[in-house]
Amino acid sequence: MSTPVSTAPATATAVVEVTDLSVDFAVDDVWTPAVKHLNYQIASGEVLALVGESGSGKSVSSMSILGLLPRNARVTGSVRFNGNELLGLRSAQMREYRGKEIAVIFQEPMTALNPVFTVGSQIVETLRIHYGISPHEAAERAIELLTLVEMPDPQKAFNSYPHQLSGGQRQRAMIAQSISCDPKLLIADEPTTALDVTVQAEILDLIRNLAGKLGSAVLLITHDMGVVADLADRIVVMRQGEAVETGSVAGVFADPQHEYTQTLLDAVPRLGQAGGEAIDLTATLENVVEAEHGDAAPATVQSGPGHTAVHDEPTQDLGAPVLQFTDAVIEYAGRGRVKAFRAIDHVDLTVHEGEVVGLVGESGSGKTTLGRAAIGLLPITEGKLEVTGVDLSKPTRSLVRSVHKNAGIVFQDPASSLNPRMTIGQSIGEPLFLAKGIKGGALSREVDTLLDSVRLPRTYATRYPHELSGGQKQRIGIARALALKPALLIADEPTSALDVSVQATVLELLKDLQREFRFACLFITHDLAVIDVLADRIAVMHHGRLAEIGTRDQILRDPQDPYTQRLIAAVPLPDPAVQRERRELRAQILAAGADEDR
C-alpha cells in the first residue's frame with residue numbers, strides 16, 4: 001500500500017528544515033542507501049518524533065545534521081538551521097553549532113559520559129569551551145543546571161562519577177550537559193529506552209518542560225509509541241530509510257494511513273488489554289485519586305510479611321511449587337568504608353508449575369538480584385530458598401549444578417550472552433553436551449528440534465551471532481535456555497531492547513512455549529504492558545521488599561500499595577488523548593504523595 005507523504009507547511013519560525021536528505025554508506029565499494037529523500041521541519045517549542053524500527057534510518061538521518069557519521073557516509077540534500085546550511089561545513093565551523101546551538105541526548109548515558117571525569121567537570125568543560133567563563137562561574141552554572149533537571153542532590157551529583165549515579169540520574173546529568181548552552185535544537189535519541197517507567201515519565205516531563213521554557217525545537221527518535229503519544233506534537237514514520245507517513249500525532253494515531261504505520265501501532269503492547277475484558281486504566285487511576293481524597297472505600301487486602309499488600313481473591317488452580325523464597329534476605333557484603341547493602345529484605349515469593357509470575361519494579365528494587373539467587377548465582381543471607389525441590393539456602397557447587405539442569409535463564413542482551421566465536425548450533429547444543437554428554441548426530445537432531453521450537457530455520461545452526469538480527473538472537477537465547485527442558489525459566493528483561501514488532505513476536509513465542517512445556521517462569525521486567533501479556537500473577541518490588549502481589553487483573557485494576565499506583569500512573573499509553581488525561585491524573589497522585597511525605 002503506497003501513501004503520499006505530506007510535509008509540514010513552511011513556517012517563519014522553523015528552527016530546522018530538512019529537505020531531500022539522503023544518506024548512503026560505502027560497503028564493499030558499493031553505495032548502500034540508508035536514508036532516502038527525507039523531508040521535515042521543526043518549529044520553536046515543537047516536538048517532532050521520528051519513529052520506526054531498527055535500521056529504518058532514524059538515528060542515521062539525525063546524526064547527519066551534526067556531521068557525526070563515519071567517513072564512509074555520503075550525505076546529500078539540505079539541512080538548514082535558522083536559515084543557515086549545515087551540510088558541507090568544515091569541522092571547525094560545525095563545532096560552533098555542536099553543543100551550543102544543537103545538542104544531543106544519547107540513548108546510553110553510560111557510554112556517552114566520560115567515565116574518568118566527574119559529572120560536574122564534564123558540564124563545566126562544555127560551559128567554558130563555549131562561553132569562556134571562569135571555573136567558579138561554570139561550576140555555579142552547572143549546579144543550577146543539575147537543579148533544573150531535578151537531580152535529587154545536585155551538589156553530590158556534581159562531584160560524582162557516572163558509575164556512581166543511577167540510570168535515571170545519569171540521563172538527567174546528560175540532559176543537564178545538553179541544555180547547558182540553551183540549544184535551539186535538542187536531538188533526543190531514544191532518551192528513555194533503558195529507563196524504568198517512573199523515571200521515564202519524569203524524563204519526558206522534563207523534556208516537555210524544557211521545550212516550553214527554552215523554546216527549543218526537539219527531535220525525538222524512538223520506537224516507543226507510548227512515548228510519542230506522551231511527548232510529541234508531530235510524527236514522521238520511517239521504514240527502510242523512507243518516510244512513509246507524516247502528520248500530527250493525534251491524526252496519525254487516530255487514523256493511520258500507511259500499512260506499515262498500522263502494523264507498528266497494532267504491535268504495541270497496551271497495558272490492561274491482554275486477554276479478556278480490557279482494563280480501563282484511566283478509571284483505575286481516577287479511583288486511586290478518589291481514594292486519596294477520601295471519596296472511595298478502601299479495598300480489603302491482607303498484610304503479609306514486610307507489609308506486602310496481598311490480594312485475597314483466589315488465583316487459578318496452581319501446580320506444585322517450583323521456586324519458593326521464604327522470608328529471604330540477600331545482602332551484599334561491605335568493603336572498607338562501604339557498609340553492607342541489603343538488596344532483598346524478607347521476601348516471600350512462590351512460583352508454581354505452569355505459572356508465569358511477573359516481577360516488576362524500578363532499577364535497584366531487587367528484581368534481578370532475586371532472579372540471580374533463584375538459579376544459585378547469589379546466596380541468600382537469611383531465610384529459605386527452594387528451587388526445583390533442591391534446598392539452596394546454603395548453596396554448594398554440586399547443589400547449584402543440580403539446579404542448573406532444571407533451570408534456564410534468558411538474558412536482557414542476547415548479543416552479549418552468546419559467544420561470538422561459536423556457531424548458533426554450538427551455542428544451543430552446549431548445555432546438552434555438558435549436562436547430558438549428547439554429541440554427534442544426536443546433538444544435531446536436538447539442535448534442529450530446538451530451532452523448530454523457536455520458529456527459526458534449521459540452516460541457522462551454521463551461522464554466527466553477528467549474522468542474526470536482535471530478535472533472532474533472542475530466540476536463540478530462549479532455545480538455549482530451554483535445551484534441558486527446565487522446570488523453571490528465569491527471563492530477565494528479555495524484550496526491553498527489541499523493536500515493538502519483534503517484541504510482540506518474541507512474547508507470543510514465549511507464551512506458546514510456556515503453554516507447550518508447562519515450565520514455571522519468573523519474568524523480570526520494568527514494563528507493565530509486557531508483563532500484562534504473559535503473567536498469571538504480578539509481584540511488585542520496591543526497595544528490596546515485595547510491595548504487592550496478586551493476579552494480573554488485581555494489580556492493574558485495584559492497586560493497593562502507593563508505589564504500585566505510581567508505577568501504573570507512569571506507564572505511557574499509545575493514545576494521545578488518553579495519555580493527556582493520565583498525565584493530569586498522575587500529577588494529582590504525585591501531588592498527594594508529596595503532601596503525605598510532608
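The values are calculated or read from the model by the stated rules, or taken from the named source; none is laboratory data. Keep in mind it's a predicted model, so treat the numbers as computed, not measured. Counting neighbours? That spans all protein chains shown, and the Cβs are built from the backbone with ideal geometry, glycine included. Only protein heavy atoms, including side chains, enter the accessible area calculation; ligands, DNA and RNA are left aside. Shrake-Rupley method; radii C 1.70, N 1.55, O 1.52, S 1.80 Å.
Quick notes on this structure:
- Global form of the range 340-417, assessed from the alpha-carbon gyration tensor, a/c cut-off 1.5: rounded
- Charged side chains reduced to their Cβ positions (Lys and Arg at +1, Asp and Glu at -1) give the range 122-253 a dipole of some 220 debye around its Cα centre.
- Taking all Cα pairs closer than 8 Å and separated by 6 or more residues, the relative contact order of the chain comes to 16 percent.
- Hydrodynamic radius of the chain by the Kirkwood approach over all distinct alpha-carbon pairs: 25.9 Å.
- Computed over the range 451-534, relative contact order equals 31 percent, with contacts defined as Cα pairs under 8 Å that lie 6+ residues apart.
- Total formal charge among the other residues, if their Cβ is under 9 angstrom from that of Val500, Lys/Arg +1 and Asp/Glu -1: -3
- Packing-based ranking, highest mean first, of 152-163, 228-239 given that Cβ atoms within 10 Å are counted: 228-239, 152-163
- Carbon/sulfur fraction of accessible area - the range 448-542, other protein chains in place, 1.4 Å, %: 48 percent
- With K and R counted +1 and D and E -1, the other residues having a Cβ less than 13 Å from that of Leu219 yield a net charge of -2.
- Peptides 129-139, 550-560 ranked from most to least packed, by the mean per-residue count of other Cβ atoms within 10 Å: 550-560, 129-139.
- For the chain, calculated [θ]222 nm from helices alone, where every DSSP H run of n ≥ 4 adds -39500 (n - 2.57): -11500 deg cm²/dmol
- Between the range 151-178 and the range 444-522, the alpha-carbon center distance in angstrom: 36 Å
- Protection proxy ranking of 452-465, 208-221 - average other beta-carbon atoms within 10 Å, highest first: 208-221, 452-465
- The apolar share of the surface of the range 199-252, taken as the fraction of accessible area on carbon and sulfur atoms (1.4 Å probe, ligands and nucleic acids excluded), comes to 43 percent.
- 1.4 Å probe accessible area per residue over the chain, in Å²: 45 Å²
- Seen from Ile175, the other residues with C-beta closer than 14 Å to its C-beta sum to a net charge of -4, counting Lys and Arg as +1 and Asp and Glu as -1.
- When the solvent-accessible area of the range 106-190 is split by element, carbon and sulfur atoms take up 53 percent of it, the probe being 1.4 Å.
- Total charge dipole magnitude, the range 416-473, about the Cα centre, Cβ charges on Lys, Arg, Asp, Glu only, Debye to nearest 20: 40 debye
- When the listed pairs Lys36/Lys213; Lys405/Lys473; Lys367/Lys405; Lys156/Lys367; Lys213/Lys339 are checked against a 32 Å cut-off, the alpha-carbon distance exceeds it for Lys36/Lys213; Lys213/Lys339.
- Among beta bridges that DSSP assigns inside the chain, antiparallel share in %, nearest 5: 55 percent
- Each of Gln122, Ser178, Met63 was scored by the projection of its Cα onto the charge dipole of the range 42-191, and the greatest displacement toward the positive side belongs to Met63; charges sit on the C-beta of Lys, Arg, Asp and Glu.
- The dipole here belongs to the chain: it is taken about the Cα centre, uses +1 on the Cβ of Lys and Arg and -1 on the Cβ of Asp and Glu, and is about 2480 debye.
- q = 0.09, 0.10 Å⁻¹: log10 I(q)/I(0) that the Debye formula gives for the range 382-508, counting C-alpha atoms only: -0.27, -0.34
- Ordering Ile524, His543, Leu489 by Cα displacement along the dipole of the range 460-595 toward the positive end leaves Leu489 in first place; charges were set at the Cβ atoms of Lys, Arg (+1) and Asp, Glu (-1).
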